[in-house]
Amino acid sequence: MFDILKGLGIISVIFSHVYRGGTDPLAVFVREIAMWCVPMFFMVQGYFMYTPAYRRWLQNSWNKIKKVYIPYLYWAVAYGLFFYFTAGKTFGIMDLIYGKTALHLYYMFYYIIFAIFCPLLYFLPKTLRRYTLYLMIISNIYWLYMLEISKHYGIHWISWSGPAPIKWWGFIAIGMLLGEYKQIEAFIRKHYKAFFAGAVILALIGLIEPFLNDTVGYLFNKVALFPLAIGVTLALAIYYSSEKAIGRNFLNYVGTRTFGIYLGHFFFVDILRNELIPGDRTLVALIILGICLAAKEIKDRVTARLPWNKGTQIAA
């Protein structure tokens, strides 16, 4: 289920990047609905946040840095050099750390921040931890509301322009709460039809409200992000719980390769959509997905044939 959600999420990321900048109705719609995916990734991260390894917090945090953040830094440098030689864009150390060498890499900075510090909440008493998670959700909604007011009405109540984990930690908190309250998952399964209908309505509210309120195009700086992301994620989770759901196996396959697709896809976006195939953005998105999947498959096969890896299972 979670791999399927990640597969759908990374496909949404690719489409949103291919359609970025367009002012036609289709491009605007694609970008608006694709906003569900980044909050979904954080909710999934929060759901799996708990692990007994949290008691070895320092060692566990360093392992996450080595396995995720340091490899990301190599890609951040590669993007920095790529855009320097192709577009003359310069970059510095802080750009690498914050994920500013490419449009999408900001996610990795917040991902590792949450991966390191959110496990500390499990050292708190259960009641205090849960109230903290509720506070994270409320403060996240408030922060987005202030950003929406600032952009829409020009009232600058928030002047901070640096990294803002508060902009995302409400979604981490939602995932962590679902991970703790297992009875919620069981209740949803028991009443899945009603929850599916409610999720669709919630998603429509989050999608339509920006068009009615003239806040389309503010990316993630609006409160409608919460109903949109929660509604789409829940509706898709319920639908793909069925073995008969369309594309289940393929999306699961894509979802197990999300990290590699996320890091590598942006190298191909501009050259394909602007230079090689400027007239068909959907085709461009599908080609990029195919290139990334093929590259990952080739990499895995080559790695499996290396002498020191023979006999071991290559993780997707």
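The values are calculated or read from the model by the stated rules, or taken from the named source; none is laboratory data. None of these values were measured; they are calculated from a predicted model. Please note: Cβ atoms are built from the backbone with ideal geometry, for glycine as well, and neighbour counts cover all protein chains shown.
Taking first residues from region 48-68 that are surrounded by 13 or more Cβ atoms within 10 Å (Cβ to Cβ) and partners that are among the acidic types (Asp, Glu) and assigned to a helix (DSSP H, G or I), the Cβ contacts under 8 Å between residues at least 6 apart in sequence or on separate chains come to TYR50/GLU180.
Across region 139-173, the number of residues qualifying as closer than 17 Å to GLY206 by Cα and of a type in the set (Val, Ile, Thr) comes to 2. Here PHE42 fulfils each of the conditions (1) at pLDDT 95 or above; (2) more than 18 Å from the chain's Cα centre (by Cα) apart from (2).
Residues in region 244-273 that are of a type in the set (Ser, Thr, Tyr) and farther than 18 Å from TYR111 by Cα: TYR253 only. Scanning region 17-31 for residues that are surrounded by fewer than 22 Cβ atoms within 10 Å (Cβ to Cβ) and not in a loop (DSSP other than H, G, I, E, B) returns PRO25, LEU26, ALA27, VAL28, PHE29, VAL30, ARG31. Across region 150-193, the number of residues qualifying as aromatic (Phe, Trp, Tyr) and closer than 30 Å to THR51 by Cα comes to 6. Among the residues of region 97-127, how many are β-branched (Val, Ile, Thr) and assigned to a loop (DSSP other than H, G, I, E, B)? The total comes to 1. Checking each residue in region 177-217 for being buried (at least 19 other Cβ atoms within 10 Å of the Cβ) and not aliphatic (A, V, I, L, M) picks out GLY206, PRO210. Please work out if GLY175 is more than 20 Å from LEU8 (Cβ to Cβ), assigned to a helix (DSSP H, G or I) and either within 20 Å of the chain's Cα centre (by Cα) or not aliphatic (A, V, I, L, M) (or both). Spelling it out, it is not the case that GLY175 is more than 20 Å from LEU8 (Cβ to Cβ), assigned to a helix (DSSP H, G or I) and either within 20 Å of the chain's Cα centre (by Cα) or not aliphatic (A, V, I, L, M) (or both). Taking the numbered list (1) modelled with pLDDT of 95 or more; (2) out of contact with any helix residue (DSSP H, G or I) (no Cβ under 6 Å at 6 or more places or on another chain) in turn, PHE85 passes all entries but (1). Give the residue that is farthest from ALA173 (Cα to Cα), with candidates limited to residues of region 69-93 that are hydroxyl-bearing (Ser, Thr, Tyr) and buried (at least 17 other Cβ atoms within 10 Å of the Cβ). Looking at the filtered set, the residue picked out is TYR79.
Considering SER139, SER159, SER150, the condition of being among the small types (Gly, Ala, Ser) and under 17 Å from LEU219 (Cβ atoms) is satisfied by SER150 alone. Can you confirm whether region 123-130 contains a residue that is surrounded by fewer than 17 Cβ atoms within 10 Å (Cβ to Cβ), touching a residue at least 12 places away in the same chain (Cβ under 8 Å) and closer than 18 Å to LEU225 by Cα? No, that holds for no residue. Taking region 118-140 on its own, how many of its residues are among the hydrophobic types (A, V, I, L, M, F, W, C), over 14 Å from ALA164 (Cβ atoms) and under 21 Å from the mean Cα position of the chain (by Cα)? Residues flagged as among the hydrophobic types (A, V, I, L, M, F, W, C), over 14 Å from ALA164 (Cβ atoms) and under 21 Å from the mean Cα position of the chain (by Cα) within region 118-140 amount to 4.
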